[in-house]
Amino acid sequence: MRNKDTRGLAAEAAAIIAEGVPDWSEARRKLAEEYEITSGAQLPDDDAIESALREHYAIFDPNGHAERLLELRKAALIVMREVSDCKPLLIRGVLNGCADKYSDIYIAVECDDAKSLEIDLIDREIEIEVLPNERPGKNEPVEEIVFEAPVIRGGYFDRQHLTVWVRLKVFENRAKIKNCLLYTSPSPRDRTRS
């Protein structure tokens, strides 16, 4: 293994992610290859990458990142108002400030009947994709509902013709939401709107 401290590796992972590789696992894989790292324990964890991402954006694109983050949070607020009966909780990158143009909006919701939430979204003419969790663990969602976020007219994503995805993590109760891991690497999706 070539020498590089964890903080330096986290900064490199942040640069890879900021340049358009939104999958944190892929960024780690690239680092492992480049530095001949054979143990995952030698790679930066999510906390280190999050910190490095915030630092990266603060140095290299403070105004642009702030604009995009604000827009993601506005879109999240619109969705959270729409599903307010399910006690929505903003989680992950949009909440903690490391989200950017390739990030999805993650919202945890409490719902004892996920099917009724799906029907409610469909009745609002929202095209959804349901990703069931066939065998949810102790603190895992029963399913994930994915759909396009509302477009903020004239905003960055509208001007760039990029799609932002909302990922509702559906939990059976609030305790499971509080106990779950509230951040992980973003999921890559096709960002270009037609």
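The values are calculated or read from the model by the stated rules, or taken from the named source; none is laboratory data. These figures come from a predicted structure and were not determined experimentally. A quick note on method: Cβ atoms are made from the backbone with ideal geometry, for glycine too, and the neighbour counts reach across all protein chains shown. Accessible surface areas use protein heavy atoms only, side chains included; no ligands, DNA or RNA. Shrake-Rupley method; radii C 1.70, N 1.55, O 1.52, S 1.80 Å.
Listed by position, the helices (runs of 4 or more DSSP H) inside segment 106-181 whose residues that are farther than 21 Å from residue 66 by Cα, touching a residue at least 12 places away in the same chain (Cβ under 8 Å) and open to solvent by less than 50 Å² (accessible area, probe 1.4 Å) number at least 2 are 114-123, 174-179. Cβ-Cβ contacts under 8 Å between residues 6 or more apart (or on different chains), taken from a first residue in segment 28-54 that is in contact (Cβ under 8 Å) with a residue 40 or more places away in the chain to a second residue that is among the polar types (S, T, N, Q) and open to solvent by 60 Å² or more (accessible area, probe 1.4 Å), are listed as 42/6; 48/6. Only a single item in (1) more than 28 Å from residue 168 (Cβ to Cβ); (2) touching a residue at least 24 places away in the same chain (Cβ under 8 Å); (3) among the β-branched types (Val, Ile, Thr) is not met by residue 59, and it is number (2).
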